[in-house]
Amino acid sequence: MKDLSLLVLPGDGIGPEVTAEALRVLHRVARHADVTLTISHGAFGGASLDAHDVPVTDDLLERACASGAVLLGAVGGPKWDALPSHLRPERGLLALRKAMGVYANLRPARFFDALADASPLKRSLTEGVDLVVVRELTGGIYFGEPRGVSGSGDARRGVNTLAYSEMEIRRIGRIAFELAMRRDKRLTSVDKSNVLEVMALWREVMTSLSAEYPEVKLDHLYVDNCAMQLVSGPRQFDVIVTGNLFGDILSDEAAALTGSLGMLPSASIGDGPGLFEPVHGTAPDIAGKGLANPLATILSVAMLVEHALGRRDLAVAIERAVENTLSAGHRTGDIARGGEKVIGTTAMGDAVLAELETILKSEAA
Ligand code: IPM
Ligand code: MG
């Protein structure tokens, strides 16, 4: 018997709806695994701005760091868009990542046969795509100093700084090599070493690390080339490792390949508790209407089960339940095509739970 204390941050927009469905799945899996879940909720992002006038409180950051894992919905929305940058919900997210020290962001992008027609690319290109973007998350240009806008008139100047230490590059590299070892043993490191000194260091450190992982085939791509290859030949990729800003951009591109952002989970991990969240945003236009696709958050729970509980087998069970649900034809609006019948958030959660039940029972038998 194991315990897991989980901090749930539903956030804004569709966040509360999708986390509610994902929690139902987590409860079911915890019961199966004989894990006692202790769940507490916190206000984060816009919800925190409304309650406390800041996107995240120090108290919440402490609770996150003291938890066993954090499940996050999504943050932001038009209501808070006009706030000065230090008060925007996104700042709360960056502060949370930094405080938790989750320096590695894992963003899998997988082809689902049932969604092939939802991709902007031809099936012949997307069929079989199964890649993970490993994005450095607590450094690089997102956090570099100096930063800010100073001066006045024509001399007014905005500055951000792209810096990585060897330690930061090595530790994200290790996560990526280890992941590649558990997958197809192919790693692509993405940089801009033809222009940026910091990226030449990135390439040098990744290359030196590869001596420790002789089984992994490492190659390097410039980021512009990688952006192109992702649409012209996405199947060539297994694990992609890159810095914070490039990873932000490439992971959205990889997400779009698969047909729906509503399908993509993420795990952010470091030396302490992990942070698990869907890649999609708050979708204010459909918030509160019970229409949102909960599958990305359910798949984020699968990543939580793997990383926080060490139960890869149960993560796979959740992934299979999602696949079976799609194969059975269940669709929320974002992934429905043509005349397909559309169901809501809770009905989608029900469908996944039913499939999960069958899988868990057949395993127990
Ligand atoms: C993401 C988002 C965030 C980021 C924003 C909301 C700060 O785009 O998680 O990819 O840029 O990291
Ligand atoms: Mg992004």
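The values are calculated or read from the model by the stated rules, or taken from the named source; none is laboratory data. This one's a predicted model, so the numbers in the text were calculated from it and none came from an experiment. We place every Cβ from the backbone using ideal geometry, glycine too, and count neighbours over all the protein chains shown. We work out accessible area using only protein heavy atoms, side chains counted, and drop any ligands, DNA or RNA first. Shrake-Rupley method; radii C 1.70, N 1.55, O 1.52, S 1.80 Å.
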> Only one of Asp238, Asp248 is touching a Lys or Arg at 6+ places or on another chain (Cβ under 9 Å) and open to solvent by 10 Å² or more (accessible area, probe 1.4 Å); which?
Replying inline: Asp248
>> Let me confirm something: among Leu93, Leu72, Leu106, Leu87, which residue is within 14 Å of ligand 1 (Cβ to nearest atom), open to solvent by less than 50 Å² (accessible area, probe 1.4 Å), of a type in the set (A, V, I, L, M, F, W, C) and over 29 Å from His27 (Cα atoms)?
In response: Leu87
> Which members of the range 317-354 meet the condition of being open to solvent by 20 Å² or more (accessible area, probe 1.4 Å), part of a helix (DSSP H, G or I), among the small types (Gly, Ala, Ser) and closer than 26 Å to Glu306 by Cβ?
Replying inline: Ser327, Ala354
> Checking Val190 against (1) open to solvent by less than 10 Å² (accessible area, probe 1.4 Å); (2) part of a helix (DSSP H, G or I); (3) touching a His at 6+ places or on another chain (Cβ under 8 Å), which single condition isn't satisfied?
Replying inline: (2)
> Can you tell me which residue in the range 223-244 is farthest from ligand 1 (Cβ to nearest atom), limited to those that are in contact with a strand residue (DSSP E or B) (Cβ under 7 Å, 6 or more places away or on another chain) and outside any helix (DSSP H, G or I)?
Replying inline: Asp238
> Can you find even one residue in the range 245-264 that is closer than 20 Å to Ala180 by Cα, part of a helix (DSSP H, G or I), at pLDDT below 95 and polar (S, T, N, Q)?
Replying inline: yes
>> Could you tell me how many of the residues in the range 194-222 are part of a loop (DSSP other than H, G, I, E, B) and either surrounded by fewer than 19 Cβ atoms within 10 Å (Cβ to Cβ) or modelled with pLDDT under 95 (or both)?
In response: 6
